[in-house]
Amino acid sequence: MCDHRTVGTTGRRSGDATAAEVVVRPYESRDRPQVRHICHVTGYMGEPVDWLWRDTESFADLFTAYYTDAEPESALVAERDGVAAGYLLGCVDSRRAWSPAGIFGRHFLRRGIGFRPGTAGVVWRSFGDVIVDAMRRRLPPASVYDERWPAHLHIDLLPSVRGMGVGATLMHRWLDTLRDVGVPGCHLETMGENHGAIAFFESMGFRRRGVPSSAPGFRSPTGERNTVQLMVLPLSTEGRGMPEEGRRSRT
Ligand SMILES: CC(C)(COP(=O)(O)OP(=O)(O)OC[C@H]1O[C@@H](n2cnc3c(N)ncnc32)[C@H](O)[C@@H]1OP(=O)(O)O)[C@@H](O)C(=O)NCCC(=O)NCCS
């Protein structure tokens, strides 16, 4: 996992980078501010999330703090011109990850996200959505943990390095690591409306599991409620190669 390498040049290109300019390497503590920045500027299905949640600190804590601070050995970055332009943040055993509800509660009490302009509206709308979902018996599951796919991940790239195999390289490195340590599978959650990401994960062998569940507080720019789709990938640990449901090699 620790060899630094450039990204394969197969596949689509986009933005102003070429694949050969991007190096995938292990996360280092100096990457932390940039990882948090990328999280916020790609936080709504790859677009900036500030129109929905204007506080980078609490948003980045929710989606990156466990991975950078408690399990940094499972994090990878894609670096361009000496700066991280994307990341894959992994967790080998999801039972160890910090509870998002706990992080949310801490920021509610200490950072005042329930009263801060730019976050308060979503916080109170979330509470309202949970009440409505409970009445309709459509609450999201309390946990998606399953011993068949105990690992999980988050992946986000800046637009300038998308569409040229960087995501696939990050993903293959992460899945190889999981096979090396004998982890039986991996899951992830993405917005049900994030069709590009779902296509990407499917091309990596992940499959949708169940129907999308509700995402309290989240709305599209035009006001529709967003959903969350669980995706899973059982891994074959024999012969370090193919997951059970097919895998495309990109690197
Ligand atoms: C999703 C993301 C990680 C994919 O990484 P990427 O480097 O752009 O993807 P790759 O170039 O490695 O693509 C690999 C394969 O995935 C599929 N794919 C990737 N992006 C796709 C898209 N937008 N639509 C359809 N298929 C896509 C293709 O099959 C592609 O193979 P091809 O190039 O031979 O056609 C990246 O685009 C991204 O960060 N997007 C914004 C943030 C986001 O949505 N993150 C996921 C949140 S859970």
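Annotations
- Complete set of residues in the stretch 198-223 that are within 19 Å of Met171 (Cα to Cα) and small (Gly, Ala, Ser): Ala199, Ser203, Gly205
- Just one of the listed residues (Gly165, Gly114) is surrounded by 14 or more Cβ atoms within 10 Å (Cβ to Cβ) and on the phi > 0 side of the Ramachandran plot, namely Gly165.
- Among residues of the stretch 145-170, those that are within 22 Å of His40 (Cβ to Cβ), not small (Gly, Ala, Ser) and not in a loop (DSSP other than H, G, I, E, B), counted: 10
- Scope the stretch 56-103; condition outside any loop (DSSP other than H, G, I, E, B), among the aliphatic types (A, V, I, L, M) and in contact with a Cys (Cβ under 6 Å, 6 or more places away or on another chain); matching residues: Ala60
- Checking Glu47 against (1) touching a Leu at 6+ places or on another chain (Cβ under 6 Å); (2) surrounded by fewer than 20 Cβ atoms within 10 Å (Cβ to Cβ), the condition it does not meet: (1)
- Only residues that are under 15 Å from Pro159 (Cβ atoms) and touching a residue at least 60 places away in the same chain (Cβ under 8 Å) were counted in the stretch 44-67, giving 2.
- Selection status of Glu57, over 22 Å from Trp149 (Cα atoms), surrounded by fewer than 17 Cβ atoms within 10 Å (Cβ to Cβ) and either within 11 Å of the ligand (Cβ to nearest atom) or within 12 Å of the chain's Cα centre (by Cα) (or both): no
All of the numbers you see were taken from the coordinates with simple rules; none came from a lab. Since the model is a prediction, treat every value here as computed from it, not as a measurement. Because the Cβ atoms are built from the backbone with ideal geometry, glycine has one as well, and the counts that use them run over all protein chains shown.
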